[in-house]
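A quick write-up on the structure given underneath.
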Amino acid sequence: MATKIPVAVPQIAHPELERKIRLRQAHVGIIGMGYVGLPLALLFGEEGYEVTGFDVDADKVEKLASGGSYIVRISPSEIQNARAHGFSATTDYSRLDEMDAVVICVPTPLGEFREPDLRYIRSTAQSIAPHLRAGQLIVLESTTYPGTTEEVLVPILEKENPASLCAARTASDSDGVFYVAFSPEREDPGNTTVDRRDIPKVVGGVDERAGDLASALYSTIFHRTVRVSSPAVAEMTKLLENIYRCVNIALVNELKLLCLRMGIDIWEVIEAAKTKPFGFQAFYPGPGLGGHCIPVDPFYLSWKAKEFDFQTRFIELAGEINTAMPYHVVSAVISALNNHNKALQGARVLVLGLAYKKDIDDLRESPSLTIIELLRKAGAEVSYHDPYFPFVGRGRKYDLHMKCAPLQNLNQYDCVLIATDHSDYDYQRIVEDSQLIVDTRNATRRLRSNKVVYC
Ligand SMILES: NC(=O)c1ccc[n+]([C@@H]2O[C@H](COP(=O)([O-])OP(=O)(O)OC[C@H]3O[C@@H](n4cnc5c(N)ncnc54)[C@H](O)[C@@H]3O)[C@@H](O)[C@H]2O)c1
C-alpha cells in the first residue's frame, strides 16, 4: 500500500485581525509600562497603531497621562507626541477587551533563593482572563524559562476566562480561540549603535496561526522577524543569548584576577585579541553584574533544568565568579588604602556611579549597591555620586538612604572608587583632584596617573 504523503493544509489565521494589522487599525495593548513596555508602546504608536498602556503603578500612569516621562532616555515630548497620536495609559484592565493584540512586558525577577518569581506573569494572566475575547492575540515578552508560555500563561488564560475560550492549537479549531505567542525583548539599554527596529524579533507561536499573527504584527515595527517553531524555542533563545554574555563576562572577570596577579593588563590583552577578525568577541571585566537580565535570567534556566535532573554547571560557575566581583573590589579598596597607610574603617570613600552600566538610569542589581553596603559594613564612611540618581532609598535588596554628593572637593575623600564609567564624568579632573582612585572600569587608563589603582 502506498504511503500517504501528508499535504500541508494552508492555515487560516484570523482574517479580521490580519486585516487590521495590515491597515494598522489593530488596537494594541501593552501591559507593563517599564523599560521594555513603554518604548515598545511608542514604536507601535509611531507606526500608526492606537496603543493603550496598562500598568498597576498608578504613579506611572498619571505621569504618562500628564505627558511626562520617568525614563531618562524617553523625553516628555515623545510621550506628548504619542498621546497626540492616540497613546494613553490606564490601570483599568476592563479596557483589555477593546484590544486586538496584547503584549505582556512585566518583570520576571528572582526570588530569595534564586528561584523564578513568576508572580507578575501570573497576576497579569489573571487580570487578562476575565476580558479575553475570541480572536485576540496575546504575546508574552518577559524573559523566562522555556515552558512558561504554555505551562503557566495559557492554562491561567484558559481556566479563568468566563467564555471558556481556548488557545488555538490545531488547524481545526478556529471558533472560540485566542492566539498566544512568545517573543523575547532583546534590547540593550544605552546602546545607541543599533536602532531598535533593526534588532530582529524572534517569534514562536503556540500554533502556526499564532506565530503568523504575532509575526505579522511585529514585522510592521521591526525590519526582520525570525520565526521559530514554538514558544519554548523562543524562550530558550533569549536565555541562550543572556547566558552567553554571563559566562563570557565571568571568563574575563576570572582572567582579570589572574592578570592582576601576573602584572598583565587585561584591557590591553582584550584590545589585542579583538583585532582577530573571526572567532573572538570582546567582553569586558567589571565590578560585577547588574541589570534586570544578565544576573537574573540564567538562573531561570538552572532552576528549570533541575526538573530534568540536570545541573547547568556553566551558569553556576559564572554566577559564582560574577557575584564575587564586588568583594574583590572592596579588597582592592582595602589594599589601596593600606598602601597609603590608611584603614578602611573610618575612611571616606566616594563611589562614582550607581547605575549598573554607563549612561543609563537603571540601578537594578547594580554591583555599586553591594559595594556600598560592603564598604559601610567594614566601617567606611561612604558617599556616592551619579548624575542619574539624586538619591537612593530602599530597594528589594538594599536599604541605603543616601543623597548624591556634589562632585567637588574630591580631595576630602581618602578614596574615589569608579564603579560606573558614565561618559559625563571629567576623568582628568577627577584624577587631578583626588588623593587616590580605584578604577574598576579602566576609565582613567589614558591618563596614566600613579594615583590610580586598577582592579
Ligand atoms: N530592561 C531591559 O533592558 C530588558 C531587556 C530585555 C528583556 N527584559 C525583560 O522584559 C521584562 C520587563 O522588564 P522591564 O525592564 O521593562 O521591567 P520594569 O520593572 O521596568 O517594568 C515592568 C512594569 O510592569 C508593571 N507591572 C508589574 N506587574 C504588573 C501587572 N500585573 N499589570 C500591569 N503592569 C504590571 C510595573 O509596574 C512596571 O512598570 C522582564 O522580563 C525583563 O527581564 C528587560
Plugging the Kirkwood radius over Cα pairs into Stokes-Einstein for region 168-253, at a temperature of 37 °C and a viscosity of 0.692 mPa s, what D comes out in µm²/s?
230
Which value in nm describes the separation of the simple spin-label points at residue 166 and residue 306, placed 7 Å from the Cα toward the beta carbon?
3.4
Kirkwood estimate for region 397-455, i.e. one over the average of 1/r between Cα atoms, Å
12.3
Can you give the helix-only mean residue ellipticity at 222 nm for the chain, where every DSSP H stretch with n ≥ 4 adds -39500 (n - 2.57) and the sum goes over all residues, rounded to the nearest 500 deg cm²/dmol?
-11000 deg cm²/dmol
Nearest-0.05 FRET efficiency for residue 273 and residue 175 at R0 = 45 Å, using Cβ-Cβ distance, is 0.15
By how many nm would the segment from residue 159 to residue 348 lengthen if fully extended, with 0.36 nm per residue of separation less the alpha-carbon distance?
62.3 nm
Between residue 260 and residue 280, what FRET efficiency comes out of the Förster formula 1/(1 + (r/R0)^6) with R0 = 22 Å and r the beta carbon distance, rounded to 0.05?
0.55
Taking the Cα atoms of region 29-181, report the difference between the largest and smallest coordinate on each principal axis, in whole Å and largest first.
46, 41, 22
If one computes the Cα centroid of region 422-455 and of region 84-155, what distance in Å separates the two points?
45
Degrees, to the nearest 10: 37-46 long Cα axis against longest axis of the chain:
60
For the chain, take the alpha-carbon Rg, divide it by the Kirkwood Rh, and send me Rg/Rh.
1.02
Here FRET efficiency (C-beta to C-beta, residue 376 to residue 229, R₀ 41 Å, nearest 0.05) is 0.20
From the Cα gyration tensor of region 141-182, with a ≥ b ≥ c the square roots of its eigenvalues, which class applies: rounded if a/c is under 1.5, or else prolate if a/b is larger than b/c, or else oblate?
oblate
In square nanometres, what is one fourth of the surface area of the convex hull spanned by the alpha carbons of region 307-433?
9.5
Just for the Cα atoms in region 264-379, what are the lengths along the principal axes, largest first, rounded to whole Å?
52, 39, 27
Of 63/377; 201/274; 20/201; 304/397; 397/451, which ones are farther than 26 Å apart at the Cα?
63/377; 201/274; 397/451
Expressed in angstrom and rounded, the centroid-to-centroid distance over alpha carbons for region 236-253 and region 306-333 is 12
Here the gain from full extension of residue 432 to residue 74, 0.36 nm per residue of separation minus their alpha-carbon distance, amounts to 125.4 nm
Among bridges DSSP assigns within the chain, what percent are antiparallel (round to 5)?
10
Please list 79-91, 106-118, 317-329 highest first by mean number of surrounding beta-carbon atoms within 10 Å per residue.
317-329, 79-91, 106-118
Under a crude label model (7 Å from the Cα following the beta-carbon direction), how far is residue 240 from residue 338 in nanometres?
4.5
Taking every eigenvalue of the Cα gyration tensor of region 137-214, multiplying by 5 and rooting it, what semi-axes result, largest first, whole Å?
28, 14, 9
Alpha carbon centroid spacing (whole Å) that separates region 163-192 from region 361-407:
39
For region 190-335, what % of the accessible area comes from carbon and sulfur atoms, probe 1.4 Å?
61
With a 1.4 Å probe and every protein chain left in place, work out the accessible area per residue of the chain in Å², rounded to a whole number.
48
Using a simple spin-label model with points 7 Å from Cα along the Cα→Cβ vector, what separation in nm is obtained for residue 23 and residue 397?
5.0
Measuring from its Cα centre, region 413-455 shows a charge dipole (+1 at each Lys and Arg Cβ, -1 at each Asp and Glu Cβ) which, in debye to the nearest 20, is 240
Of all accessible heavy-atom area on region 26-116, the percent that carbon and sulfur account for (1.4 Å):
49
State to the nearest 20 debye the size of the charge dipole of the chain about its Cα centre, where the only charges are +1 on K and R beta carbons and -1 on D and E beta carbons.
980
Compare the Cα positions of 323, 303, 267 along the charge dipole of the chain (+1 at Cβ of Lys, Arg; -1 at Cβ of Asp, Glu; about the Cα centre) and return the one farthest towards the positive end.
267
First select every other residue whose beta carbon is under 13 angstrom from the beta carbon of residue 231; then total the charges, Lys and Arg +1, Asp and Glu -1.
-3
Report residue 70's accessible area, 1.4 Å probe, all protein chains in place, as a number in Å² to the nearest 10.
60
Cα-Cα pairs of region 96-168 separated by more than 20 Å (percent):
27
Using only alpha carbon pairs under 8 Å that are at least six residues apart, calculate the relative contact order of the chain and give it in whole percent.
10
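The values are calculated or read from the model by the stated rules, or taken from the named source; none is laboratory data. These figures come from a predicted structure and were not determined experimentally. Neighbour counts run over all protein chains shown; Cβ positions are idealised from the backbone, glycine included. Remember, those area values only see protein heavy atoms, side chains included, never the ligands or the DNA or RNA. Shrake-Rupley method; radii C 1.70, N 1.55, O 1.52, S 1.80 Å.
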